[in-house]
Each structure stands twice: as structure tokens, then as C-alpha cells.
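The values are calculated or read from the model by the stated rules, or taken from the named source; none is laboratory data. Worth saying up front: this structure is predicted, and the values here are computed from it rather than measured. When we count neighbours, we look across all protein chains shown, and the Cβ atoms used for this are built from the backbone with ideal geometry, even at glycine.
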Amino acid sequence: MDRSELDYKHPYPSPELEAEHPFRSLDFVEYPPEEMAERAAVFETLMAHRRSPRLFSDRPVPRNLIESAIRTASTAPSGAHRQPWRFVATSAPAVKRAIREAAEEEERVNYLENRMNDEWQEALAPIGTDHHKEFLEIAPWIVVLFEERYEVRPDGEQRKNYYVKESCGIAAGLFVAAVHNMGLATLPHTPSPMAFLTRVLARPENERPFVMFPIGYPLPGVKVPDFDRKALDEVMVMVDEPAD
Ligand SMILES: Cc1cc2nc3c(=O)[nH]c(=O)nc-3n(C[C@H](O)[C@H](O)[C@H](O)COP(=O)(O)O)c2cc1C
């Protein structure tokens, strides 16, 4: 039996709060239990098939699909609803070339001049990444997610944002899911340090690159590392009693 609002000693919103700020009824869709299980299984299977390719086709992708993925990502919950993200998109060959060249320069130092320590290089060995980033020019789109470290209001006033990294991480996850769901592929890419993206994309001081996404169709026949994912009991812990 569902509880009613009368069971709560502290209803939300309180009458005082609602007098000060607008509220609306939650638009919640409930499914019958069998349909819930079916939907859960379908989504789990869909997402289990997601992989990050490192060779993309140059087949064009219409801008409206990229916009849809960004709108979906932007539905993410965020600290104090600040939505502290900017998705900077380009399909312009000259911009993609500039990004590729700068990324390869940073990655050359990482991989060939040992800016990455041995442990890091060891972790990457099964993936076999290197400083070649041709896919950044070949994929039809690059979207760079910038975290908005603080908000700058039209009058120039600065306002703090909250839980910026957590919020951007969730938005990035939704973005990846949206891209996969529409039948495209993406590779979260972090050629660190990524400050060059601020310069190449002319972003303001309050934004910092978070992760870059080349997006497109995977090159037919592309290979990905033969990775399995952790089993449920490796990633889920059930707790039935408090520790103390
Ligand atoms: C935050 C983040 C940063 C990543 N950076 C890179 C990167 O710079 N280069 C790269 O080739 N892959 C990068 N990846 C992709 C991972 O290597 C990949 O997700 C992982 O190997 C699992 O493979 P899958 O995505 O196919 O499941 C990154 C992934 C995440 C989430």
C-alpha cells in the first residue's frame, strides 16, 4: 500500500516553500511489474552491447542526432540544478584537424616521452592506445564536454556551481547511452592535459575540458579489446544491517 502525503510529518514542499517558489506535479509513468522487468532487460542488453571503437567511418551523421544526444545528456541531475556543462560540437574539418594535431602532440609526450608513468602504461597495454589519433579527423563529429566551474551571469557576476564533476560525469554517461541507443558509436577520449581544447575551441575562463567524444559509425569490421565486464557480485554489495 502506498503511503499518502498525510503520513509525512514534513511534507515536501512545505506550504511556506511553495508560497515562495513554483512547484509542479511529478510526471511519473508507472509500468506493470512484467513490463518493468522487460524494459529493464531490454535496456541492459542494449547497453551491454556498447563498446568504444578506435576506428570510425567518415559516413556523415546529421546534426539533429548530435543535438538529440546533447539534449538527452542535459536531462542529467546536477548539483543544485546548475547544469554545469557545455557540449561544444564540431563537424568542421579544420576544427577537427586542429584538435587532432594538438591531441597528438600531447599524446606524443605522454606515450613517447614517458609523461605517463609505468603503472599507467601497464594499465593501457591491453588496449594498445598510442599517440596516433586519426579518428579525431575521420569521425564526422567531435563533441567536447566542458565542465562549467562557475557560472558567469550576463552582468558579469560569478556564481558558484556545485558538484560539477559528479554532475558532468552523469551527463557524460547519459550522452554515451543516447549515442549508443540511436545506433552510433563514441569513444570517451581524454588526451591529457586537455587545456588545448580551451584554446582551439575558444572557450571562456570558467570552462574546463572534461571529456571529448568523437562520434560516428564504427569502421566496418573494427576490432575492440576482448574485454569482459565485472560480474554483478564484483560491483554490487548488499548491506542488510548497520555496521554499528
Ligand atoms: C573518462 C574516460 C576517459 C577515457 N579516455 C580514453 C582515452 O584517452 N583514449 C582511449 O583510447 N580510450 C579512452 N577511454 C575509453 C576506455 O578505454 C574504454 O571505455 C574502456 O577500455 C572500456 O571499453 P568499452 O568502452 O569498449 O567498454 C576513456 C574512457 C573514460 C570513461
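Odds and ends about this structure:
- Selection within the stretch 127-147 - more than 11 Å from the ligand (Cβ to nearest atom) and buried (at least 16 other Cβ atoms within 10 Å of the Cβ): 137, 138, 139, 140, 141, 142, 143, 144, 146, 147
- Of the helices (runs of 4 or more DSSP H) contained entirely in the stretch 9-126, those carrying at least 2 residues that are surrounded by 12 or more Cβ atoms within 10 Å (Cβ to Cβ) fall at 33-48, 63-73, 93-112, 118-124.
- Selection from the stretch 181-221 of residues that are modelled with pLDDT of 95 or more, within 11 Å of the ligand (Cβ to nearest atom) and in a loop (DSSP other than H, G, I, E, B): 187, 188, 190, 194
- Residue that is farthest from the chain's Cα centre (by Cα), among those in the stretch 127-175 that are part of a loop (DSSP other than H, G, I, E, B) and free of Cβ contacts under 8 Å to residues at least 12 places away in the same chain: 155
- Number of positions in the stretch 204-224 that are under 16 Å from residue 88 (Cα atoms) and without any contact (Cβ under 8 Å) to a residue 24 or more places away in the chain: 1
- Here 44, 104, 122 are screened, and the one residue that is within 15 Å of the ligand (Cβ to nearest atom), over 23 Å from residue 197 (Cβ atoms) and modelled with pLDDT of 95 or more is 44.
- Evaluated against (1) basic (Lys, Arg); (2) farther than 16 Å from residue 86 by Cβ; (3) in contact with a strand residue (DSSP E or B) (Cβ under 8 Å, 6 or more places away or on another chain), residue 230 falls short on exactly one condition, (3).
- Pair list, Cβ < 6 Å and 6+ apart or interchain, from the stretch 225-242 residues that are within 16 Å of the ligand (Cβ to nearest atom) to residues that are not aliphatic (A, V, I, L, M): 225/126
- Scanning the stretch 122-157 for residues that are within 19 Å of residue 186 (Cβ to Cβ) and among the hydroxyl-bearing types (Ser, Thr, Tyr) yields one hit, 129.
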